[in-house]
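Colleague: Questions regarding the structure given below will be posed in turn.
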Amino acid sequence: MLKMIKPTFLFLFLIIISFFSFLYTGIKIDSFSFSNILVSQFYIKMDKKLILTIDNIEYKSEKTTTSSSFEELKNSIEILPKVLKFFQKIKINKLKVNDNEFEIILDDEILYLDNKYINIASKIDTISNQVVFELYSLYLKDLNLLFDGKVKIDYFNEKIDYYGNFYYENLQSSINVEMTKKIAKIYLVSEPFKSLKFLKNFLHLPDIAESWMYDNVKGDIKVEGLYAEYDLVNNQILEKSIQGKAQIKDAKIRFHKDVDVVDTKSLDIYFKDNKLHFNLIEPIFKGKKLDGSFVVINNLTSEKNGQVDVFLKTNSKLDKDILDILKAYHITLPVLQKSGNTQASLLMKFPYDTAKNMSTYGEFFLNDAKVAINNFEFESKNAEVILDDSLIKIKNGDFKYKDMINATVNLNLDIQTLKSQGEANIKSFLIKEENKESIVEIKDKNTAIDLDFNNEVNILLKDLGTNIKISDLIYVNIDDLSKIYPYSKLLKDNSIKEGNIALQIKDEKNISFEALVKGLDLPLQKNGQNIDSLEINGKIEDGKTKISSKDEDIKIEIDDKLNIYLQNLDVILENKKIETSNLKQEVVINLLNSKLKMDTDIYCLENAKIFIKNSGIDFEADVKDLNLPIRKSNNKIDKLSLVGTLKNDITTIETKNKDLVLQLEKNSVSLYADGYELHYSSADSKKIENIKYKKIDIKGKNLVIFYDEANKLLADDFILRIREDSKFISLDYKQTSITFRESKNKKIDIFSNNVSDEFINALIGKHIFGGGNLMFYASGYMNDLNGKFIIENSNVEGITILNNLLLFIQTSPALINPLLAIPAVVGLATNSGFNLLAYNIVDGTIEFNYNKDKEFLDVKKLITIGNGIDFDGSGTVDLKNYRIDSNLKLIFFKDYSKFVGIIPVINYVLLGDNNRVETEVNLTGNLDNPEISTNLTKDTISVPMNIGKRILNFPSIIFDFIRGKDTLEEEKVKKNQINKPLK
């Protein structure tokens, strides 16, 4: 603009000089023009100084030299001192330069200038080399800025100083300007105003910076000091020079358009080195203190390097309100704190350049907090959480989930994938039913840990082979039970060393599970195979627990009682003490179609119930398919209904009608039986010897005790007592009484009395004795046992040896002297006790010695007095080889004395002193069919010779007869008494 005005004034000055002489009178020209200048109504006159009045000046130029009020003001101020030297008054009503029109009035000390860009009203004071403007107003039209104050122009130093005020919209500020030809230095202090948006007209910023400068902050702004430098040569603000300080009282700052405002007591704003700093004083966000929070805009005016830093600090919960701020910036922090305090500091950096990534860094210190990650809630007494862009680092974080997990963790969590890896020191890992014994309890265990917090929470405890999934339910999968076996009393108690388990936990009252358990040491078998693995499922609901194997052969129900159901299984029992005193609840075991195996014994259970209580164990059972050595009424007993108890280490088992009672103690066993047939075999002897019980008692009534089936004991009352140092047996059957004793030194005493033929025949297993009375007693040791067997008035039959011997005798009378044959045959035929099948024993005695080890029976004396024939002899029986070797005297022809006995002399001559005929018989060989040899023929031939001898002795016999018959009879009686066995 100045370049356009200069030619005009220069031309005018030339005219003035040309017409200087006319100046004092005044020169008036209606119009003139030269070059591109047109002047109308020109008037000039000289007084003290020149007085110039022009109505209109038009100047047309190809270019416009000024484009703003700042440039126009500069140019006008530069020329003004020169004009004031010459002109007293200038009035130009209209000065038109292209499209810019001026009105200029200069009257002594008053200056008025108005054009397209500026309007000036000022008083001018010229002092030496200075011009001082009392600026009434300076209005920069294109900027809508109004100034007043004082302007001092120093021509010598080419310097302009301005002190005053400026007004812009609702902004009023005091301002100081120091201007040289090249630069203007500006310093201002304002009164409170509403917005910094006016700076948009002077300062172009990137969008993100403008949002913070003009939109995100609300409140009355007071500029406490602003300094800037303006390059007058290049017509621009020097950005590096700008620095200032402002304050907003009761400010409201909005971190993001989608987030509620933060209320502050004041907002301190600092600008320096192209950095704008917002310091929040006592900020409150939804009732939460954010003390220490600030916003910094780095490289404010740089599109390339500009960056907004938002720093948030709080000592409050990381709740939804705080997280919403982060979420607005697309930072999804998956942590929601529901209680407790957190010392949080978070720095977010937002570059102007959208090609650059936003960065975040935060530190969070949690105390006594309840935290949720994607609806997964846990507790933390303390934890240090570091947010580094998309990575969350948890250091020494205390982690507690309900009563299940209590651990210290060190994790790295990717907030984009919501997956985490790290390590955990498990203080406690507990799975249990409410108020019940724990299923799993792990303490002080280090393990690698993986977490996934996506739609559902997954926790993998690597070293424990355990995966926990948390959604609507808690799913716990333990892939390898061997890894937690050392930490589970439940697994140890049930010998579950291997396998896997999957649990679904709604809460501690509602748990369901499936499992495969291996390595079991259960007392159970199926199809003859030990059950060492099981597939099971179960449920715990409202204090009730149900567990079942997949085939449902095993079921367990737990409420106020523990009910166990077993079917189609074999139960293996060992003689172990069962401890019941510490039971917390009654246990009921139900068995269906199962087998009970005890050592080598197997019992098939149609059904059974076992009640286990603190006081002991009760049970009842229907046992089937029995193979017991007992019968009743000659019928095999294959089923029994039993009841029993186990208390104080005493086991009692009995039938429901109590006719069979078994009682077991630690070192003793007792049995009571009534009305049963007990079967015993020689094979059972060793079993009895190996019985571990130190005390054995058997009592019975109305018993039949079978030995090897063929032999049996009949007993109305039976008692057996076996101790470590003694044995005792007592048996009574009708009139029969038998006792057996074995003392500490193994000495044996056996006594029986009034043994009936019924009893002895049953014992022998064969009908041998008929009628009469038997007695037996023995004493000694099993390897040296001496005994006596006494028979009175009993028929003996069915003994092979005896039958063979009798048959041999009865078929030999033809060998006897014909003189004696007829009476002998008559005697044999007429004697009822002597026939082919039986032998009547009037009196009989057998004395023997028995050696158990050698299995040898030594019959020292065998004497029988029968009706028709007597036996007198001895022998041995080798029981091991089943052989006999004996020598017997057979005494017969006793019945012949009935005919001749009345004639004593004849009796003596024919029969001898003993009134009998005798011979010897040898039995050797197999016990069932021995060889029989005899001297019967020899004895028969020698009969006449013996008779001759007795005839020769006849005189002495006669003499004896004369002495008296009684003497002879007495001698005979004496001889008979000697040979007669004791009763």
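The values are calculated or read from the model by the stated rules, or taken from the named source; none is laboratory data. Bear in mind that the values here come from a model prediction, so they are computed numbers and not experimental data. For neighbour counting, all protein chains shown are included, and Cβ atoms are generated from backbone atoms with ideal geometry for every residue, glycine included.
Colleague: Kindly evaluate Glu379 against the criterion of being without any contact (Cβ under 8 Å) to a residue 24 or more places away in the chain, closer than 25 Å to Asp291 by Cβ and part of a strand (DSSP E or B).
Modeller: Spelling it out, it is not the case that Glu379 is without any contact (Cβ under 8 Å) to a residue 24 or more places away in the chain, closer than 25 Å to Asp291 by Cβ and part of a strand (DSSP E or B).
Colleague: Of the conditions (1) at pLDDT 80 or above; (2) over 26 Å from Ser886 (Cα atoms), Gly787 fails just one. Which one is it?
Modeller: Against the list (1) at pLDDT 80 or above; (2) over 26 Å from Ser886 (Cα atoms), Gly787 comes up short only on (2).
Colleague: Continuing with this model, one more query. Could you tell me whether any residue of the range 767-790 is aromatic (Phe, Trp, Tyr), under 15 Å from Leu713 (Cα atoms) and surrounded by 18 or more Cβ atoms within 10 Å (Cβ to Cβ)?
Modeller: no
Colleague: I'd like the full set of residues that are under 11 Å from Ser420 (Cα atoms) and free of Cβ contacts under 8 Å to residues at least 24 places away in the same chain, limited to the range 440-458.
Modeller: Matches in the range 440-458: Asn458 only.
Colleague: Would you call Asn234 touching a residue at least 24 places away in the same chain (Cβ under 8 Å), assigned by TED's automatic domain parsing to the domain that holds Leu196 and of a type in the set (S, T, N, Q)?
Modeller: Taking the combined requirement at face value, the residue does not satisfy it.
Colleague: Here's another thing I want to ask about it. Tell me, yes or no, whether the range 380-388 has at least one residue that is more than 30 Å from Ile442 (Cα to Cα) and not assigned by TED's automatic domain parsing to the domain that holds Asn305.
Modeller: First, pick out the residues of the range 380-388 that are more than 30 Å from Ile442 (Cα to Cα): 387-388.
From what's left, not assigned by TED's automatic domain parsing to the domain that holds Asn305: 387-388.
Taking every residue of the range 380-388 in turn, at least one turns out to be more than 30 Å from Ile442 (Cα to Cα) and not assigned by TED's automatic domain parsing to the domain that holds Asn305.
Colleague: Check whether at least one residue in the range 265-279 is in the same structural domain as Ile242 (by TED's automatic domain parsing), closer than 21 Å to Lys222 by Cβ and within 53 Å of the chain's Cα centre (by Cα), and report yes or no.
Modeller: Here is the first cut: in the range 265-279, the ones in the same structural domain as Ile242 (by TED's automatic domain parsing) are 265-279.
Right, trim to closer than 21 Å to Lys222 by Cβ and you get 265-272, 275-279.
Next, from what is left, pick out any that are within 53 Å of the chain's Cα centre (by Cα): none.
No, the range 265-279 contains no residue that is in the same structural domain as Ile242 (by TED's automatic domain parsing), closer than 21 Å to Lys222 by Cβ and within 53 Å of the chain's Cα centre (by Cα).
Colleague: Moving to a separate point now. Scan (1) touching a Ser or Thr at 6+ places or on another chain (Cβ under 9 Å); (2) within 23 Å of Ile791 (Cβ to Cβ); (3) assigned to a loop (DSSP other than H, G, I, E, B); (4) among the charged types (D, E, K, R) for the single condition Lys766 breaks and write down its number.
Modeller: Here Lys766 meets the rest and fails (1).
Colleague: Let me ask you something else. Please verify whether the range 465-482 includes one or more residues that are under 29 Å from Leu596 (Cα atoms) and either without any contact (Cβ under 8 Å) to a residue 12 or more places away in the chain or within 15 Å of the chain's Cα centre (by Cα) (or both). It would help to see each step written out before you state the result.
Modeller: So in the range 465-482, the residues under 29 Å from Leu596 (Cα atoms) come out as none.
Scanning the range 465-482 turns up no residue that is under 29 Å from Leu596 (Cα atoms) and either without any contact (Cβ under 8 Å) to a residue 12 or more places away in the chain or within 15 Å of the chain's Cα centre (by Cα) (or both).
Colleague: While we're on this one: So for the range 747-757 (the condition being part of a loop (DSSP other than H, G, I, E, B), small (Gly, Ala, Ser) and touching a residue at least 40 places away in the same chain (Cβ under 8 Å)), does at least one residue qualify?
Modeller: Narrowing the range 747-757 to residues part of a loop (DSSP other than H, G, I, E, B): 747, 756.
Narrowing the set further to residues that are small (Gly, Ala, Ser) leaves 756.
Adding the requirement that they be touching a residue at least 40 places away in the same chain (Cβ under 8 Å) leaves none.
No, the range 747-757 contains no residue that is part of a loop (DSSP other than H, G, I, E, B), small (Gly, Ala, Ser) and touching a residue at least 40 places away in the same chain (Cβ under 8 Å).
Colleague: Hey, among the residues in the range 493-510 that are modelled with pLDDT of 80 or more and crowded, with 20+ Cβ neighbours inside 10 Å, which one's nearest to Lys469 (Cα to Cα)? Step through it out loud before you land on a result.
Modeller: Filtering the range 493-510 for residues modelled with pLDDT of 80 or more gives 498-504, 510.
This time we only want the ones that are crowded, with 20+ Cβ neighbours inside 10 Å, so: 499, 501, 503.
Numbers: Gly499: 19, Ile501: 14, Leu503: 10 Å.
This residue is Leu503.
A quick yes/no check of all residues on (1) surrounded by 14 or more Cβ atoms within 10 Å (Cβ to Cβ); (2) small (Gly, Ala, Ser); (3) within 23 Å of Asp207 (Cβ to Cβ):
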{"site": "Leu347", "(1), (2), (3)": "yes, no, yes"}
{"site": "Tyr352", "(1), (2), (3)": "yes, no, yes"}
{"site": "Met358", "(1), (2), (3)": "yes, no, yes"}
{"site": "Phe364", "(1), (2), (3)": "yes, no, no"}
{"site": "Ile373", "(1), (2), (3)": "yes, no, no"}
{"site": "Glu377", "(1), (2), (3)": "yes, no, no"}
{"site": "Ser380", "(1), (2), (3)": "yes, yes, no"}
{"site": "Glu384", "(1), (2), (3)": "yes, no, no"}
{"site": "Ile394", "(1), (2), (3)": "yes, no, no"}
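Colleague: Name the single residue, out of those in the range 743-766 being among the hydrophobic types (A, V, I, L, M, F, W, C) and in contact with a Leu (Cβ under 8 Å, 6 or more places away or on another chain), that is nearest to Asp716 (Cα to Cα). If you could, list the steps in order and put the result at the bottom.
Modeller: Initial filter on the range 743-766 (among the hydrophobic types (A, V, I, L, M, F, W, C)): 748, 750-751, 755, 759-760, 762-764.
Next cut, in contact with a Leu (Cβ under 8 Å, 6 or more places away or on another chain) only: 748, 755, 759-760, 762-763.
Numbers: Ile748: 24, Val755: 14, Phe759: 11, Ile760: 15, Ala762: 14, Leu763: 15 Å.
Checking each candidate, the answer is Phe759.
Colleague: Out of Val296, Val262, report the one residue that is surrounded by 22 or more Cβ atoms within 10 Å (Cβ to Cβ) and closer than 20 Å to Tyr214 by Cβ. Don't jump to the end; show me each part of the working.
Modeller: Working: Val296 fails: surrounded by 22 or more Cβ atoms within 10 Å (Cβ to Cβ).
That would be Val262, the only listed residue that is surrounded by 22 or more Cβ atoms within 10 Å (Cβ to Cβ) and closer than 20 Å to Tyr214 by Cβ.
Colleague: Now a separate question. Inspect all residues belonging to the range 699-708 and state whether any of them is surrounded by fewer than 16 Cβ atoms within 10 Å (Cβ to Cβ), more than 27 Å from Asn635 (Cβ to Cβ), outside the structural domain of Asn851 (by TED's automatic domain parsing) and in contact (Cβ under 8 Å) with a residue 24 or more places away in the chain.
Modeller: Checked against the condition, which is being surrounded by fewer than 16 Cβ atoms within 10 Å (Cβ to Cβ), more than 27 Å from Asn635 (Cβ to Cβ), outside the structural domain of Asn851 (by TED's automatic domain parsing) and in contact (Cβ under 8 Å) with a residue 24 or more places away in the chain, the range 699-708 yields no hits at all.
Colleague: Let me ask something else. Out of all the residues in the range 481-522, which are out of contact with any Asp or Glu (no Cβ under 8 Å at 6 or more places or on another chain), within 15 Å of Ile442 (Cβ to Cβ) and part of a loop (DSSP other than H, G, I, E, B)?
Modeller: Within the range 481-522, just Ile484 meets the criteria.
Colleague: Looking at (1) under 22 Å from Lys544 (Cα atoms); (2) at pLDDT 80 or above; (3) more than 13 Å from the chain's Cα centre (by Cα), which one does Leu411 not meet, given that it meets all the others?
Modeller: Every listed condition holds for Leu411 apart from (1).
Colleague: Given the residues Ile322, Ile415, which is the only one that is touching a residue at least 60 places away in the same chain (Cβ under 8 Å) and either more than 20 Å from Asn454 (Cα to Cα) or out of contact with any Cys (no Cβ under 7 Å at 6 or more places or on another chain) (or both)? Step through it out loud before you land on a result.
Modeller: On the way: Ile322 fails: touching a residue at least 60 places away in the same chain (Cβ under 8 Å).
From the options Ile322, Ile415, the qualifying one is Ile415.
Colleague: If I ask for residues that are of a type in the set (A, V, I, L, M, F, W, C) and within 40 Å of the chain's Cα centre (by Cα), which ones from the range 292-329 would you list?
Modeller: Filtering the range 292-329 for residues of a type in the set (A, V, I, L, M, F, W, C) gives 294-297, 300, 308, 310-312, 318, 322-323, 325-326, 328.
Leu318, Ile322, Leu323, Leu326, listed by residue number.
Colleague: Quick one: in the range 148-180, which of the residues that are charged (D, E, K, R) and at pLDDT below 80 is surrounded by the most Cβ atoms within 10 Å (Cβ to Cβ)? Break it down stepwise before answering.
Modeller: Taking the range 148-180 and keeping what is charged (D, E, K, R), we get 148, 150, 152, 154, 158-159, 161, 169, 178.
Going one step further and asking which of them are at pLDDT below 80, we end up with 154, 158, 169.
On the way: Asp154: 16, Glu158: 13, Glu169: 12.
Going through the qualifying residues, I end up with Asp154.
Colleague: Working only within the range 593-644, note down all residues that are assigned to a strand (DSSP E or B), surrounded by fewer than 16 Cβ atoms within 10 Å (Cβ to Cβ) and of a type in the set (A, V, I, L, M).
Modeller: Met598, Ile602, Val643 - these are the residues of the range 593-644 that are assigned to a strand (DSSP E or B), surrounded by fewer than 16 Cβ atoms within 10 Å (Cβ to Cβ) and of a type in the set (A, V, I, L, M).
Colleague: Please count how many residues of the range 382-407 are within 30 Å of Ile208 (Cα to Cα) and touching a residue at least 40 places away in the same chain (Cβ under 8 Å).
Modeller: Final tally of qualifying residues: 3.
Colleague: If you don't mind, there's one more thing I want to ask. Hey, among Val842, Val796, which residue is assigned to a strand (DSSP E or B) and modelled with pLDDT of 85 or more? Before the answer, list the steps.
Modeller: On the way: Val796 fails: modelled with pLDDT of 85 or more.
Testing whether each residue is assigned to a strand (DSSP E or B) and modelled with pLDDT of 85 or more leaves just Val842.
Colleague: For the range 249-259, enumerate the residues that are under 13 Å from Trp212 (Cβ atoms), modelled with pLDDT under 85 and surrounded by 14 or more Cβ atoms within 10 Å (Cβ to Cβ).
Modeller: Going through the range 249-259, the residues under 13 Å from Trp212 (Cβ atoms) turn out to be 251, 253-257.
From what's left, modelled with pLDDT under 85: 254-257.
Matches in the range 249-259: Arg254, Phe255, His256.
Colleague: Here is a follow-up. Among the candidates Glu229, Glu210, single out the residue that is part of a strand (DSSP E or B) and either touching a strand residue (DSSP E or B) at 6+ places or on another chain (Cβ under 6 Å) or over 23 Å from Phe147 (Cα atoms) (or both).
Modeller: Numbers: Glu210 fails: part of a strand (DSSP E or B).
When all the criteria are applied, what remains is Glu229.
Colleague: I would also like to ask the following. Which condition number in (1) closer than 30 Å to Gly616 by Cβ; (2) modelled with pLDDT of 90 or more; (3) charged (D, E, K, R) is the one that Lys692 fails?
Modeller: Failing condition for Lys692: (2).
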